[in-house]
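> Below you'll find the structure I mean.
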Amino acid sequence: NVLRPGPDAGVTNPIYVDFLSHVEQREAIVRSYISLPVSDWTTQWDPWIGFYEQLEHEKKGLHWNYVPNQSGGFLGAWWHDSKWQGCEVYLQIERGPLCFKISVDDKTQRSNFRDRWHAQLMESAKRVGALQLRRPRRFGNGQTMTVAQVDQSAWIAEKTNGCLDMVATLINLSRAEQLIETARAIDG
């Protein structure tokens, strides 16, 4: 927005004009999550950036960044941090699946807390009747673990043209938040 008035004000410097063009092209790619079918933008990084930037405005406390891992990493977003039994539980989007995570500092209790939190989330899903939670392919045993997932097709809502339905997607994310709150309340 700062650079756009330049050409109208008579700025013709080729470096300026080229830089402005580059910035506008990048912005269009990042904002493409709005107009591209979900199946097209979810295989790329830039539309996820635009989607996460929008979610930052919609979801209190949401943060996003590159998350390195042994498989090469992903662009992730996380929010809805809360405490449960002295552990941190939260939601994380992993450029596809919506993951229910737990962080356990005590190495000797990781599998115990992981298994208990998984059971409570699954019970919560039965009670609330929302979203299609499933067990991850394998349970990890690190400090931070995924205990349940929702496939991308079950939480990202699409319009009839295949493009993102942001309103319905936000409703699904709110349902995931409610699952956490219900699970936290199961054991008092």
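> For residues in the stretch 1-47 being hydroxyl-bearing (Ser, Thr, Tyr) and more than 30 Å from Gly162 (Cα to Cα), which is least open to solvent (accessible area, probe 1.4 Å)?
Tyr16
> If we keep just the residues of the stretch 85-117 that are in a strand (DSSP E or B) and open to solvent by less than 10 Å² (accessible area, probe 1.4 Å), which is farthest from Ala157 (Cα to Cα)?
Once the filter is applied, the top-ranked residue is Cys87.
> Another question, then. Hey, does the stretch 93-115 have a residue that's more than 27 Å from Arg135 (Cα to Cα), of a type in the set (Lys, Arg), without any contact (Cβ under 8 Å) to a residue 40 or more places away in the chain and out of contact with any Ser or Thr (no Cβ under 9 Å at 6 or more places or on another chain)?
Scanning the stretch 93-115 turns up no residue that is more than 27 Å from Arg135 (Cα to Cα), of a type in the set (Lys, Arg), without any contact (Cβ under 8 Å) to a residue 40 or more places away in the chain and out of contact with any Ser or Thr (no Cβ under 9 Å at 6 or more places or on another chain).
> Then there's this: Quick test for you: out of Glu94, Glu56, pick the one residue that is acidic (Asp, Glu), out of contact with any helix residue (DSSP H, G or I) (no Cβ under 8 Å at 6 or more places or on another chain) and at pLDDT 95 or above.
That would be Glu56, the only listed residue that is acidic (Asp, Glu), out of contact with any helix residue (DSSP H, G or I) (no Cβ under 8 Å at 6 or more places or on another chain) and at pLDDT 95 or above.
> Let me ask something else about it. Check whether at least one residue in the stretch 29-50 is at pLDDT below 90, over 20 Å from Thr169 (Cα atoms), within 21 Å of the chain's Cα centre (by Cα) and not in a strand (DSSP E or B), and report yes or no.
Yes: the stretch 29-50 contains one or more residues that are at pLDDT below 90, over 20 Å from Thr169 (Cα atoms), within 21 Å of the chain's Cα centre (by Cα) and not in a strand (DSSP E or B).
> What number of residues within the stretch 123-165 are in a helix (DSSP H, G or I) and under 20 Å from the mean Cα position of the chain (by Cα)?
5
The values are calculated or read from the model by the stated rules, or taken from the named source; none is laboratory data. Everything numeric in this text was worked out from a predicted model, so none of it was measured. Don't worry about glycine lacking a Cβ; one is built from the backbone with ideal geometry, like all the others, and counts go over all protein chains shown. For accessibility, only protein heavy atoms count, side chains too; no ligands or nucleic acids. Shrake-Rupley method; radii C 1.70, N 1.55, O 1.52, S 1.80 Å.
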